[in-house]
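Since the structure comes first, as structure tokens, the remarks are kept for the end.
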């Protein structure tokens, strides 16, 4: 979010080249170690009469220590504006989740870009149980085979030793 002012001129050029096509703008990043979605609104023109709405997804939750969750009593959060850099840019947060996970993105049948946060711990919890059972079965089966082979080998070696080392 703090780097957008450095790219303001570049984003303005992108907007000028694509605004006639009804373009939707998305920004995916991992700047903050939490999950957030929101809208970056950039204003262009002499009277700020043009605006570029960028849907931003911050998903820096891939296993590192999570940053503190934003406090719901924060005045900026209640107004819906988290970071008002100047008159040319606003950021309005839609969602904030402080969990480890990842962002699942897809394009639906209507060619809409959809992103959903996936809680990794919930997903792993369901899979762990299933894999644990199948692993146990394989281990027991493998141990039985190993025990039979070991028994036969030991029996054979014992007979061999008895013949030559009496």
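Values in this text are rule-based calculations from the coordinates and carry no lab data. All figures in this text were calculated on a predicted structure; none of them were measured in a lab. All Cβ positions, glycine included, derive from the backbone under ideal geometry; neighbour counts span all protein chains shown.
Here the peptides 29-37, 59-67 are ranked by packing, the mean other Cβ count within 10 Å, and the order with the highest first is 29-37, 59-67. Extents of the range 4-120, taken as max minus min of Cα coordinates on every principal axis and listed largest first, are 43, 39, 23 Å.
Starting from 0.36 nm per residue, how many nanometres of slack lie between residue 106 and residue 51 once their C-alpha separation is accounted for?
Stretched out fully, the residue 106 to residue 51 stretch lengthens by 17.2 nm.
When you restrict to C-alpha pairs under 8 Å that are six or more residues apart and normalise by the size of the range 4-120, the relative contact order lands at 25 percent.
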